[in-house]
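The values are calculated or read from the model by the stated rules, or taken from the named source; none is laboratory data. Computed from a predicted model, the values in this text were never measured in an experiment. Cβ placement follows ideal geometry from the backbone for every residue including glycine, while neighbour counts extend to all protein chains displayed.
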Amino acid sequence: MSQISIEGIIYTPADFTGDRESDFAGISSFHHQLYLFLKEWFSDSPTLRLHTSGSTGIPKEIIVRKAQMLQSAKSTCDFFTLKEEDKALLCLPLDYIAGKMMVVRALYAGLDIYPVVPDGYPLAHTDIPFDFAAMVPLQVYNSLQTEEEKQRLSRIKHLIIGGGAIDQILERKLKMFPNAIYSTYGMTETLSHIALRRISGIEASSYYTPLPSVRLALSEDNRLIVDAPLVADEPFTTNDIAELRPDSSFRIIGRIDNVINSGGIKIQIEEIEQVLQPHITGNFAITSIPHPKLGEAIILILEQSDDPVYVEKTIRQLLPRHQQPMLIHIAEAIPQTGNGKIDRLAMKQLAKKINLSSPTTRYIH
């Protein structure tokens, strides 16, 4: 905690508390971001300011204690038995909790951390066999597209994937990998993950298992209630609708924010997207628009890489009538937050601006 190893070089708090920046800060803009975070970490303040991702609304600022972040780091490092000098890949933005916690884990356990500028191809220019890495699904997907990067991915001893849903196709591809790959469940308020789900090997499961100190329950409307005393001062109710089993393992059905009430029937956006995911090659998302008769009408927004005629046929074959979008709209891009999640609030705004008579809009029913 009193020093950090970055690409094999040991830095102490003195390297981040003076007026002169450390040499590594000038390597790239990402290294400079890391320098600024460590400067804040080694300051006298016992707290840090964090911002939520804003995937379903306006990002919130929260203040957390550094001691809580260290407790989160301890839980992860204990689970994966990470130790001093283990090599860790830092390829997530430091604007969000996932990137910050990779650094805090390195501080806690003495990991040797390797910063790679966050983009969609984190393994393109490094062949180090990492002991630990965290990625978003897009980075993992891209790493499977070339044999060289696929091999590098398989050599990461412990890989955690978070920040977004892992679709069925990607999960099937990862199931046979020789290394330990996990999907994570967590949020800014829990200082990264509080539960893990194994994806690869014979221990693969469709249910998350909470870390030892975490207690879970369901609210009356089936939202997950998290009691994680090491990282959060009070239990809180999430916006995630869940199925919770007696052994405390659970799976997420969707967010309560993402329920569309169409004709009196409540429809979970994520369930429709999960069905369509294997059949649509480009980015897409489900959202809704106001409807005078139904209250809300389901719509599908596609990027331009897919044939709407084929997609319409797929919809009719795979989805029951009440889950079928009323129309398909082709947009230039699906709005995303800074950490790669679908920006649901921006999707709503985009949907409201759709020209229903435009050639880029196709009615299904």
Within the stretch 211-236, the count of residues that are surrounded by 15 or more Cβ atoms within 10 Å (Cβ to Cβ) and free of Cβ contacts under 8 Å to residues at least 40 places away in the same chain comes to 9
>> Condition check: free of Cβ contacts under 8 Å to residues at least 24 places away in the same chain, on the phi < 0 side of the Ramachandran plot and touching a helix residue (DSSP H, G or I) at 6+ places or on another chain (Cβ under 8 Å). Does residue 179 satisfy that?
In response: no
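To keep it simple, each residue is scored yes or no on (1) free of Cβ contacts under 8 Å to residues at least 24 places away in the same chain; (2) in a helix (DSSP H, G or I); (3) on the phi < 0 side of the Ramachandran plot.
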position	(1), (2), (3)
299	no, no, yes
312	no, yes, yes
325	no, no, yes
334	no, no, yes
349	yes, yes, yes
356	no, no, yes
Can you find a residue in the stretch 257-265 that is surrounded by 15 or more Cβ atoms within 10 Å (Cβ to Cβ), touching a residue at least 40 places away in the same chain (Cβ under 8 Å) and within 17 Å of the chain's Cα centre (by Cα)? yes
Of those in the stretch 19-52 that are β-branched (Val, Ile, Thr) and closer than 20 Å to residue 68 by Cβ, the residue surrounded by the fewest Cβ atoms within 10 Å (Cβ to Cβ) is 47
Contact list, first residue from the stretch 90-105 and of a type in the set (Ser, Thr, Tyr), second anywhere and in a helix (DSSP H, G or I), beta-carbon distance below 9 Å, six or more apart or interchain, is 96/188
Return yes when residue 100 is among the basic types (Lys, Arg) and more than 20 Å from the chain's Cα centre (by Cα) and no when it is not. no
Out of (1) buried (at least 22 other Cβ atoms within 10 Å of the Cβ); (2) touching a His at 6+ places or on another chain (Cβ under 9 Å), the one residue 188 does not meet is (1)
Counting only residues in the stretch 10-67 that are polar (S, T, N, Q) and closer than 30 Å to residue 258 by Cα, the one modelled with the lowest pLDDT is identified as 56
Note on residue 125: of the conditions (1) touching a residue at least 24 places away in the same chain (Cβ under 8 Å); (2) surrounded by fewer than 20 Cβ atoms within 10 Å (Cβ to Cβ); (3) closer than 24 Å to residue 181 by Cα; (4) of a type outside the set (Ser, Thr, Tyr), unmet is (1)
Pairs returned, first residue in the stretch 59-77 that is touching a residue at least 24 places away in the same chain (Cβ under 8 Å) and within 21 Å of residue 112 (Cα to Cα), second residue that is hydroxyl-bearing (Ser, Thr, Tyr) and part of a helix (DSSP H, G or I), beta-carbon separation under 8 angstrom, 6 or more apart or interchain, are 70/108; 72/190; 73/108; 74/108; 77/108
| Residue check, residue 266 modelled with pLDDT under 90 and either among the hydrophobic types (A, V, I, L, M, F, W, C) or closer than 22 Å to residue 343 by Cα (or both) | yes
Turns out the strands (runs of 3 or more DSSP E) fully within the stretch 162-223 with at least 3 residues that are within 24 Å of residue 96 (Cα to Cα) are 180-187, 192-198
Could we say that residue 342 is in contact (Cβ under 8 Å) with a residue 40 or more places away in the chain and not small (Gly, Ala, Ser) here?
-> yes
